[in-house]
1. Which pairs turn up if I take residues in the stretch 8-24 that are more than 19 Å from Met41 (Cα to Cα) and look for partners that are small (Gly, Ala, Ser) and at pLDDT 90 or above with beta carbon separation below 7 Å, at least 6 apart in sequence or on another chain?
2. If you check every pair at least six apart or on different chains, which have Cβ atoms under 6 Å apart with a residue in the stretch 43-67 that is under 22 Å from Asp14 (Cα atoms) and free of Cβ contacts under 8 Å to residues at least 12 places away in the same chain first and a residue that is charged (D, E, K, R) and crowded, with 17+ Cβ neighbours inside 10 Å second?
3. Inside the stretch 15-43, can you point out the residues that are over 15 Å from Ser71 (Cα atoms), among the charged types (D, E, K, R) and touching a helix residue (DSSP H, G or I) at 6+ places or on another chain (Cβ under 6 Å)?
4. Looking at the stretch 1-18 only, could you name the residues that are at pLDDT 90 or above and not in a loop (DSSP other than H, G, I, E, B)?
5. Of all residues being of a type in the set (A, V, I, L, M) and in a loop (DSSP other than H, G, I, E, B) in the stretch 19-42, which is surrounded by the most Cβ atoms within 10 Å (Cβ to Cβ)? Just the residue, please.
6. Looking only at residues in the stretch 61-88 that are assigned to a loop (DSSP other than H, G, I, E, B) and polar (S, T, N, Q), which one is modelled with the lowest pLDDT?
Amino acid sequence: MVNKTSKKEREFIDIPIGILQDRKVAILESLAEYLHNKKDMKYSEIARLLNRDDRTIWTVCNRAKKKRIVSINTKASFNIKQKSKTKNKTKS
């Protein structure tokens, strides 16, 4: 007996739940970014898969990229020694 399932029904993409941990990035942004960067999918492929316009996918990927850059910059920190406010007064 031949299994008559369509190709669409047989193909699955595993998505790690960890990509959704960053709360600063929307779910669609995280998902599109993951599929584009890690699974090497084109914007048009992702758009077809998610039933979205490919321009929308491009937009959300770039938005996620910008948010991650801001997030990285705000997490980095360093210490700066403050100068004392008292000035040495010289007597004349």
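The values are calculated or read from the model by the stated rules, or taken from the named source; none is laboratory data. Keep in mind it's a predicted model, so treat the numbers as computed, not measured. Glycine gets a Cβ as well: all are built from the backbone with ideal geometry, and neighbour counts include every protein chain shown.
1. Final answer for the pair search is Asp22/Ser30.
2. Qualifying pairs under 6 Å: none.
3. Of everything in the stretch 15-43, just one residue is over 15 Å from Ser71 (Cα atoms), among the charged types (D, E, K, R) and touching a helix residue (DSSP H, G or I) at 6+ places or on another chain (Cβ under 6 Å), namely Glu33.
4. Correct list: Ile17, Gly18.
5. Val25
6. Of all residues in the stretch 61-88, those assigned to a loop (DSSP other than H, G, I, E, B) come to 76-88.
Narrowing the set further to residues that are polar (S, T, N, Q) leaves 77, 79, 82, 84, 86, 88.
Details: Ser77: 57, Asn79: 63, Gln82: 70, Ser84: 67, Thr86: 64, Asn88: 62.
This residue is Ser77.
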